[in-house]
Every structure is written in structure tokens, then in C-alpha cells.
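**Student:** Here it is, the structure in full.
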Amino acid sequence: MTKALVIGEMLNGELGAATFEGIAAARILDCSNVAVMIAGASIELAAEQAIFAGADQVFTISQGPAADGEFDDLINASYKIAKEIEPEIIIGSKTIIGRDVMPRLAFRLGTILVPDCMSLERDAEQRIIVTRPTYGGNVNARIACVGQPVVISLRPKSIDAMGLDQSRSGAINEIEFTSNIRTRIIEKIEEKSEGISLQDAKTVVAGGRGLGGPEAFDSLQELAGILGGAVGASRAACDAGWVPSSFQVGLTGKTVSPDLYIAIGISGASQHMAGCSNAKTLVAINKDEGANIFKEARFGVKGDWEKVIPAFIEQLHELIN
Amino acid sequence: MTLHIVVTAKQVVDPETPTSAFLIENNKVTTSTSFAPVINGYDEQAVEAALRIKEALGDVVITVLSCGSSFALDVIKKPLAMGADNLILLQDNAFDNLIDPTLVIRALTSAIQKIGDVDLVISGRQASDWDNALVPMGIAELLDWPVATIARKIDVIGNTVKVERVLPDGYEIVETTLPAVITVSNELGSPRYPNMRGIMGARKIQPTIWEINDLGIEYQSTEIAMELISLEKPIKSIETELIQGEDEADAGRKLALRLREERII
Ligand SMILES: Cc1cc2nc3c(=O)[nH]c(=O)nc-3n(C[C@H](O)[C@H](O)[C@H](O)COP(=O)(O)OP(=O)(O)OC[C@H]3O[C@@H](n4cnc5c(N)ncnc54)[C@H](O)[C@@H]3O)c2cc1C
Ligand SMILES: Nc1ncnc2c1ncn2[C@@H]1O[C@H](COP(=O)(O)O)[C@@H](O)[C@H]1O
């Protein structure tokens, strides 16, 4: 019997995608017993959801600093569970939480995290084999995970969640552990842009260094408005201060998977593509025919955005109104 | 009292190298020699963060620490030209092409212990070769020091460090006590360019070199948790349709029509 522990996450008061994807990954690896840890206020419903999603056992933390998202205690709690149930594999996600919790949990258990896995399977010897991008996405590595336990984090949105089965049942228990916070959150400052969130948008209009300045993003806002989408950006545009860093799409920014991604004045560096290559249709507008973005786009227009975009917007107005 | 900051810095393949120039040979990623290595971008920002602390506090010593099998001296000396005080290279063939970074983490941790009076370690959030984001976390766990990651601003006030951490939609302020490990992100701002005085000064500083035997680490290769099976370039199999028009504006209009035709909009 192989046991898995999924370090689950809550998102806006509900069971987060990371949890569903983690459980699905454990099932792909044929784990016969899947335990899930989740932390947050009022998580009874989420715990039940985790069971319907495939968990056999859920450990909850419903109060204290871990429930408020303090990393130190999430690690203390997950370490305690790992010591208690001795899983063969521990699965987390490369989210803002997982980036901190997963590596430190692994080190504390005397092993090392295999980060950013996109797919996983077992080989003939039952070893866990993962594929993960390296060199910003220019090279994929296949790695045999031979640590004990195996600790991996998944790249968000790379594994499909399973459907819910309401007939499943399992144990739900609150965990007790000793709190020890050394890095404390003093204040959170939200900088949410209005309208549809970048990650949920069905259409994303993204701009890069080729836009030349912040003003151009007004046209992108207009375009996103017509298409009912959100505006994103490359790191270069964020670093230049044209848009806030929350607009950044890519390896170290947001991962989006819209139906339509329109990249304007973006060269298509692998680190940018890491955040948008799941888009169903990618459209590129770039004045350099040799730009890498054209190798990854379904439709392309070679041209100066200042000429292409106004006409594109005009035509869209005609089609959509 | 002097604040001693260690900045960890890795020499990496230039991430701006075009995709086509990445080569895979004997399960190792290389580029042709026409692409010079660089210091990992986030590590230059870590140096910048340390220099800003030095400007704010005055009595600060900055030691740059790098681990590898071979170094391009003019590249790895750049932090000195920017204003760091010392450079220690952990140089040994044992560090060549490691997939599992455990040994590098042990070596860097031992070096920090050997230096002795370190108050703060500043690292990049991840190295642009393997994008692991593991090494600083490992150092922190081995030293049993607190961590704050993805910083865009660091303030040291006595024994306390205040860090602004970048979040997906905003930021948060976290606080911890020294000694601590902090990783920085690009939101910190551009690293400064070395000036002439810095470049001349750096020429005179000889790096200290420690080999693995100088570090007293106990390490068995059986501790490895990752074994490389293969490296592959991802296959992109998309056919791009370039929309043509009488001019650029016309192509823009045709793009809208084509997207409607395909029922994408
Ligand atoms: C570890 C690491 C992580 C990174 N993470 C990210 C990330 O998360 N997200 C991200 O985006 N990047 C990331 N980067 C940076 C990435 O490597 C690129 O540097 C960046 O994406 C480039 O942004 P860009 O395409 O806007 O700029 P450039 O590469 O400068 O491209 C600008 C493009 O605009 C075109 N252009 C210029 N003028 C016009 C015009 N008038 N009309 C139309 N087109 C025009 C040019 O032809 C060019 O193709 C990361 C890098 C590293 C090393
Ligand atoms: N070989 C190395 N020498 C010095 N610092 C390193 C080395 N490898 C990683 N680091 C540091 O750890 C950070 C994260 O690297 P990584 O965990 O490899 O993604 C880097 O930005 C460096 O600051």
C-alpha cells in the first residue's frame, strides 16, 4: 500500500485548485491511500470536498497562525503529519504557499524537493518519474525521484483534477502541533485590479517592451474591454514600471490558460511562454518576423502595434456590437 | 557592530541565449562558446539589496559566495566591482553538473559557518538555469535560521529585518530577526552598474578559494533524491498562420475577421 500526503491549499475560502491537482497526481501514481492537509478558517466543507475529490483522510488546521497562512506553522504542521503517517510521496504545488512550504518541508524530512513537475508516472521498477521544465522552459528534464520520501511540487494547471464523487467517505481530523512562528506577517497590501482577474479571464491581452511606454496599455485595456478579458504583461513591461507587477505573466508571474491570448510587442522568451502556453489560441502581433512568439502562435500579424491595434479594435467594434 | 551579509551568487548560462542555441550533449545543457556566462540575474539583485543596506547602515561587510566547478573570473568578480567587499569561491570538480543540489547546499552552508560571524544571507529567488528555488531554503533549514522569500525591499533595524514580499496581487510586510536568509526578486529594481572606481578596485581583490576538503562536509552520494534520466528540448508543433493585408492596418482588420471566422471571438 502506498501512501501519499497532499499539502492542500484553500483559495478564497474554498478548496483550491492545488488541492484537486495534488489529489489527482496521487491517483495517477496509484497511491492507495491519500491524505490531504488543509488550513484555513471554516474548512469543514472544503474537507468534505477533498474527500469527494479522492482523499481518504483529511487533516485540518482551522485556527491559529497556520490557518491565517503563516508559512512557518504550515511547515510545522505538515512535518508533524508526515512524521506520523510516513507517506511514500508528498505532493504540493508551486503556488505562493508551496514555493515556501514544500522545499523547507522536504529539507526538514532529510530530503530535497523535486520542484515544478508537469507530468508524472511510474517506471517498470515502480520509481516515480517526473518531467519538469528547466532553463526557463528551453529544456525539459526527466527525473527519477529516489528520495525517501519523494517530495514533489506540481506546476499549477498541468494536471487535470478528477471529477467529484459524492459517495466517497473518509476521516476528517483536526491536527495538533506546536506553533513556532519566526517570520511573521505584519501587513498584507492588496493591489487587485478591477474587473475580471487575469487568472480567470477567458481572453488575455498582454503587452511587452515593444509597446514602448505605459500609454499603450490604454489601448490594451480598451481591447480587453471589448473582448471581455483582462490585461497582462511581460516582465519587461512590469520592470519598466508601465504596469504593476501583478500583471506579469510567466515563469515567475501568473500562469494563465485562457481561450485566447493576444501577445502584443512581446518577443516570446521561454520564461514568458511558461505562463501562457496553455492558452487555446495564441495570437501574436510583433514587428519582427523572426520573433520567437511567431513560432508558438496560431495566428500572427507582422507589424507595428500602433498601426495594427487601432484597426483591429475598429473591426472588433463592428463585429461585436 | 558590523553587520556581515553573505550574498550567494551563481554563474549561469545567459538566460537571454536564444532557444535554438541551447544544446544538449551527454545529458548536459550547453551553449556554444559565443555566449558568455553571466551571474544569475536575481543574484545581481541580491548584491544590490546588500549594497542598499550598506548605504543605509554604514557599518556593513558584504561577502559574495559562489559554488561551482569552474568560474569566469571577470564574470564572477562583478559583485566586487558593484561594491561588495570579499569574494569566496567554493571551487571543486565535485560541483560539476549536479542535478541534485544537496551537495551545493551543504557546501554553501559549511562556508557560511566557516566565515563565522554572518548575520544575514541574501540570495536570488531562483537560479535561471534550473529555476529550482531550493538552495536558500536548504541553507536556512540546515542553519535553522528563519526565511523570507521573494523580497522587493529589505530594511534592517537593529536585530530585526522587515521585508516586503511580492505577492501575486500586491505585497506583504513580514518581520523576522537576525540571523536570517532572504531571497530577492526582480521587483527590487535594477542592479547598479559598476563604476570605474569599482572596476579598478575589484581588480585588486583576489578571491579566496576553498575546495570541498576545506569545508568539512560529510556527504554520501546515496543522499541524492533526483537522478537525471534525460534532457529534451520541448517540441513545438504549431502551424502559424501569418495574416496578410494591404498594409499593417488592413492586416489588423483581417485578424479580427479571421478570429470571428474561426469562432474564437
Ligand atoms: C529566471 C527568469 C524568470 C523570468 N520570468 C519571467 C516571467 O515570469 N514573465 C516574463 O514575461 N518574463 C520573464 N523573464 C524575462 C524574459 O526572459 C524576457 O526577458 C522578457 O519576457 C522579455 O519581455 P518582452 O518580450 O516584453 O521584451 P523583449 O524581449 O524586448 O521583446 C519586445 C518585442 O517587441 C517587439 N516590438 C518592438 N516594437 C514594436 C512595435 N512598435 N510593434 C510591435 N512589436 C514591437 C520586438 O520585435 C520584440 O519582439 C524571466 C527571466 C528569467 C531569467
Ligand atoms: N552554486 C551556487 N553558488 C552560489 N549560490 C547559489 C548556487 N546555487 C544556487 N545559489 C543561490 O541560490 C539561489 C537559488 O538558486 P536555486 O535554488 O538553484 O534556484 C540563487 O539565486 C543563488 O543565490
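The values are calculated or read from the model by the stated rules, or taken from the named source; none is laboratory data. What you are looking at is a predicted structure, and each value in this text was computed from that prediction instead of being measured. Every residue, glycine among them, receives a Cβ derived from its backbone with ideal geometry; neighbour counts consider all protein chains shown. What goes into the accessible areas is simple: the full protein's heavy atoms, side chains included, and nothing from ligands, DNA or RNA. Shrake-Rupley method; radii C 1.70, N 1.55, O 1.52, S 1.80 Å.
**Student:** So what are the ³J(HN,Hα) numbers for the range A:272-278, from phi and the Karplus equation (6.51, -1.76, 1.60; θ = phi - 60°), rounded to whole Hz, Gly and Pro as x?
**Tutor:** With the stated coefficients, the range A:272-278 comes to 6, 4, 4, x, 9, 6, 7 Hz.
**Student:** Please report Rg (one decimal) and Dmax (integer) in Å for the Cα set of the range A:203-320.
**Tutor:** In Å, with Rg to one decimal and Dmax whole: 12.6, 37.
**Student:** Given the DSSP H assignment, sum -39500 (n - 2.57) over each helix run of at least 4 residues in the protein assembly as shown and divide by its residue total; what's the result at 222 nm in deg cm²/dmol, nearest 500?
**Tutor:** Here the helix-only value at 222 nm equals -8000 deg cm²/dmol.
**Student:** Suppose each label sits 7 Å from its Cα in the direction of the beta carbon; what would the A:Asp30-B:Glu55 distance come out to in nanometres?
**Tutor:** Output for this residue pair reads 5.9 nm.
**Student:** Based on the Cβ-Cβ distance from B:Asp96 to A:Glu314, what FRET efficiency comes out when R0 is 51 Å, to the nearest 0.05?
**Tutor:** Efficiency computed from Cβ-Cβ geometry: 0.30.
**Student:** Work out the FRET efficiency for B:Glu211 and A:Gln148 from their Cβ-Cβ distance, taking R0 = 45 Å, and round it to the nearest 0.05.
**Tutor:** 0.90
**Student:** Using the Karplus curve 6.51 cos²θ - 1.76 cosθ + 1.60 with θ = phi - 60°, what ³J(HN,Hα) values do you get for each residue of the range B:132-137, in whole Hz, with x for Gly and Pro?
**Tutor:** 6, 6, 10, 4, x, 5
**Student:** Roughly how many percent of the accessible protein surface of the protein assembly as shown is carbon and sulfur, given a 1.4 Å probe and a whole-percent answer?
**Tutor:** Ligands and nucleic acids excluded, carbon and sulfur give 47 percent.
**Student:** Could I ask something else about it? What list of ³J(HN,Hα) couplings, whole Hz, do you get for the range B:198-212 from phi and the Karplus terms 6.51, -1.76, 1.60, once you set θ to phi - 60° and write x for glycine and proline?
**Tutor:** Running phi through 6.51 cos²θ - 1.76 cosθ + 1.60 with θ = phi - 60° gives x, 5, 5, x, 5, 4, 7, 8, 8, x, 7, 10, 10, 8, 4 Hz.
**Student:** If you keep only loop residues by DSSP, which GluC sites (Glu not before Pro) in the range A:223-321 have at most 10 other Cβ atoms within 10 Å of their Cβ?
**Tutor:** Of the GluC sites (Glu not before Pro), the ones in loops of the range A:223-321 whose Cβ has at most 10 other Cβ atoms within 10 Å are A:Glu289.
**Student:** To continue, here is another question. Write down the accessible area per residue of the range A:3-174 in Å², having rolled a 1.4 Å probe over the full set of protein chains.
**Tutor:** For the range A:3-174, the solvent-accessible area averages 36 Å² per residue.
**Student:** Leaving out ligands, DNA and RNA, calculate the buried accessible area for the pair B and A with a 1.4 Å probe, summed over both sides, in Å² to the nearest 100.
**Tutor:** 6900 Å²
**Student:** Please list, in order, the residues from the range A:301-321 whose amide nitrogen is less than 18 Å from a point placed 7 Å along the Cα→Cβ vector of B:Gln244.
**Tutor:** What the label zone holds, given the 18 Å backbone N cut-off, is A:301-304.
**Student:** Taking every eigenvalue of the Cα gyration tensor of the protein assembly as shown, multiplying by 5 and rooting it, what semi-axes result, largest first, whole Å?
**Tutor:** Rounded to whole Å, the semi-axes are 37, 32, 23.
**Student:** Between B:Val161 and residues 5 or more places away or on another chain, which pairs have amide H atoms under 5 Å apart, with H built 1.01 Å from N, and which residues are they?
**Tutor:** Correct list: B:Thr176, B:Thr177, B:Leu178.
**Student:** Grab the alpha carbons of the range A:3-174, take their convex hull, and tell me the volume per residue in Å³.
**Tutor:** Expressed per residue, the convex hull around the Cα atoms of the range A:3-174 is 106 Å³.
**Student:** Using only the Cα atoms of chain B, construct the convex hull and provide its projected area averaged over every direction, in square nanometres to one decimal.
**Tutor:** 19.5 nm²
**Student:** Set the Förster radius R0 to 25 Å, insert the Cβ-Cβ distance between A:Asp259 and A:Asn321 as r into 1/(1 + (r/R0)^6), and round the FRET efficiency to 0.05.
**Tutor:** With a Förster radius of 25 Å, E is 0.75.
**Student:** Let me ask something else. For chain A, calculate the relative contact order in percent as a whole number, restricting contacts to Cα pairs under 8 Å that are 6 or more residues apart.
**Tutor:** Over chain A, the number comes to 13 percent.
**Student:** Could you work out the relative contact order of the range B:92-202? I mean the mean sequence separation of Cα pairs under 8 Å and 6+ apart, divided by the number of residues, in percent.
**Tutor:** 26 percent
**Student:** In a Debye calculation with equal point scatterers on the alpha-carbon sites of chain A and no solvent, what is log10 I(q)/I(0) at q = 0.08, 0.12 Å⁻¹?
**Tutor:** Results for chain A at q = 0.08, 0.12 Å⁻¹ read -0.42, -0.87.
**Student:** Please list B:Cys67, A:Cys117 from largest to smallest accessible area, probe radius 1.4 Å, with all protein chains kept in place.
**Tutor:** Final ranking, largest accessible area leading: B:Cys67, A:Cys117.
**Student:** Another one. Could you report the range A:204-255's accessible area per residue, 1.4 Å probe, as an integer in Å²?
**Tutor:** Dividing the accessible area of the range A:204-255 by its residue count gives 33 Å².
**Student:** Another question, then. Quick one: compute a quarter of the convex hull surface over the Cα atoms of the range A:39-103 and quote it in nm².
**Tutor:** Average of the hull's projected areas for the range A:39-103 equals 4.6 nm².
**Student:** What residue among B:Leu57, B:Leu73, B:Leu65 shows peak mean-square fluctuation when chain B is described by a Gaussian network model with Cα springs under 10 Å?
**Tutor:** Answer for the Gaussian network model of chain B: B:Leu73.
**Student:** Can I ask one more? Leaving out ligands and nucleic acids, note down the accessible area per residue over the range B:13-67 with a 1.4 angstrom probe, in whole Å².
**Tutor:** Ligands and nucleic acids excluded, the result is 44 Å² per residue.
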